[in-house]
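Here is the structure we will look at, set down as structure tokens.
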Amino acid sequence: GAGINIWPRTWSIMKALSLSDTLVHFLPHVPDYTSRLVFEIRKADQHEGFHIMDFMSNGGTIRLHRKALQQSLLAVQPAGRVHLSHRLMTYEETDSQARLHFTDGTTATCDLLVGADGIRSTVRRKFLEKHAVAVPLPDGLQLGDPVWSGTYAYRGLVPFNKLAARFPGHRAITTPMMYAGKLKHVICYPLPHDGAVNVIAVNTDLTKEGLGHPLPTTTMCDREEVQSLFVGWDPEVRSLVECIEHPSKWALMTLIPLEKYAHARVVLVGDAAHGMTPHQGAGAGQAFDDVYVLAALLSHRLSTAATIPRISEIYSAIRCPVANRVLGLAREAGFVTELVGPDFERVVEGDTGVPLDKLRASFQGMISAWDWVWDSSADDDQRRAVEMLESAFGDGGGDVSDAKDSTSSGAEAATTT
């Protein structure tokens, strides 16, 4: 998608990685811990929607366009570190290195292969084949394939001036909005630097969750397809979807949680490790958590080509339980937003009799499940990882199983994206 959410936890990582000075120019304000609005939540699957509650948090969330993040990352990369037009085909491991084979016939070797190649990761598929990680598979899927959440997301950017002309004073121009309905919802928020509202309109079929989805999973679609899904909804929602000129249609894919993210000389990060639905706005942030922990281990004085397998083990022990939990929380947040749960089993789209107290209780539970993004710090996970490394090669010994109870290097790494 076009928009990236940056929570306080992620912003602290970006500051530590010296990205904040570059990114701050793209942000509406300097991130802090002032109580801010994350979303105004409305029930909107009826002609006259109504306010449910405001989702407030300390620090809120900062939203920016994906291209701004990419530009900031490239700006801090030394020249010659990024090589384009290489598609990984397979890799081999020995006791001392990993050898990469690309589709153009070229090869490369490294002490550590970092698979950051997305939800359809080639590294993950080969990793699972080689290390026989137990992952139950639905019929028709191969080892390492992502599964469909049963949800389509229709995405587009709506210029402020176009929306204002269609619906003067539309609150989405200035306010992040969550429009909830039965098995559908719309998320939108302003991107001031781009002069547009980022819109994600979602439609779910629960009977399709966990199945495969034919390729491609992202296509363009007609405006009429999106508009037909929200007939009878609040005029604010209808005006938003009517202003999307060239919507893209995404089958939201996710991963069956992996038992480990690393082994020996191969580690998985980001969507390759824990591809999740976007309902907690946490996918990009979890990728930063991954590399924050991994970078601390690889830059430690004890990091050498010989200690890479132990580093991989520690990385997985720290990150796997945390990111898998967030993957599950994202799924649950999607259910709440679409009125799925015991209190709403008899609710149908357009139902005007849903009790406000039940709606507020359900969304308050969802908000509470977000506490980790501002109440916890990636520094704690990084510190535990470093302690485990130092313990492993010091007098204390150390056991990576301990990590599962809580949520310049001599090695050369290659990262596939």
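The values are calculated or read from the model by the stated rules, or taken from the named source; none is laboratory data. Owing to the predicted nature of the structure, the values given are computational and were not obtained by experimental measurement. Neighbour counts run over all protein chains shown; Cβ positions are idealised from the backbone, glycine included. Accessible surface is based on the protein model in full, side chains and every heavy atom, while ligands, DNA and RNA are left aside. Shrake-Rupley method; radii C 1.70, N 1.55, O 1.52, S 1.80 Å.
Of the accessible area of segment 76-172, computed with a 1.4 Å probe over protein heavy atoms only, carbon and sulfur atoms account for 50 percent.
In the chain, the calculated helix contribution to ellipticity at 222 nm averages -10000 deg cm²/dmol per residue, counting -39,500 (n - 2.57) for every DSSP H run with n ≥ 4. Heavy-atom accessible surface of Leu19, to the nearest 10 Å², is about 10 Å², with a 1.4 Å probe and all protein chains retained.
The overall shape of segment 10-87 is oblate: from the C-alpha gyration tensor, with semi-axes ordered a ≥ b ≥ c, the ratio a/c is 1.5 or greater and a/b is no larger than b/c.
For segment 27-112, the list of GluC sites (Glu not before Pro) that fall in a loop by DSSP and count at most 10 other C-beta atoms within 10 angstrom reads Glu48. Rounded to the nearest 20, the Cβ-based charge dipole of the chain about its Cα centre (Lys and Arg +1, Asp and Glu -1) stands at 760 debye.
Residue ranges 301-312, 75-86 sort as 301-312, 75-86 when ordered by packing (mean number of other C-beta atoms within 10 Å per residue, highest first).
Residue pairs exceeding 21 angstrom between C-alpha atoms, taken from Lys126/Lys260; Lys182/Lys208; Lys126/Lys208; Lys184/Lys249; Lys208/Lys249; Lys184/Lys208: Lys126/Lys208. A dipole drawn for the chain from +1 and -1 charges on Cβ atoms has a positive end, and of Leu252, Asn161, Leu37 the residue lying farthest that way is Asn161. The aspartates and glutamates whose alpha-carbon is closer than 17 Å to the alpha-carbon of Lys43, local same-chain residues fewer than 8 away aside, are Asp54, Asp234, Glu236, Glu338, Asp343, Glu345, Glu349, Asp351, Asp357. Across the accessible surface of segment 264-349, with the other protein chains kept in place and a 1.4 Å probe, carbon and sulfur atoms take up 56 percent. Listed values for segment 17-33 are Karplus-derived 3J(HN,Hα) couplings in whole Hz (6.51 cos²θ - 1.76 cosθ + 1.60, θ = phi - 60°), namely 8, 6, 9, 5, 5, 7, 6, 4, 5, 9, 9, x, 7, 6, x, 8, 9, and x replaces Gly and Pro. Put a plus charge on the Cβ of each Lys and Arg, a minus charge on the Cβ of each Asp and Glu, and nothing anywhere else: the dipole of segment 126-184 about its Cα centre is then about 460 debye. Entry comment: accessible area of segment 255-336 is 27 Å² per residue, from protein heavy atoms only and a probe of 1.4 Å. Taking a ≥ b ≥ c as the square roots of the Cα gyration tensor eigenvalues, segment 50-152 comes out oblate, since a/c reaches at least 1.5 and a/b does not exceed b/c. Considering only Ser72, His86, Ala116, the residue lying farthest towards the positive end of the dipole of segment 65-182 is Ser72, judged by Cα position with unit charges set on Cβ. The alpha-carbon atoms of segment 91-151 define a convex hull whose volume equals 112 cubic angstrom per residue.
Each Lys and Arg contributes +1 and each Asp and Glu -1, all at the Cβ; summed about the Cα centre of segment 77-226, the dipole is approximately 600 debye.
Accessible surface computed residue by residue for segment 39-188, with neighbouring protein chains in place and a 1.4 Å probe, gives 47 Å² per residue. With Cα atoms defining each centre, segment 290-309 and segment 202-273 are spaced 35 Å apart in the structure.
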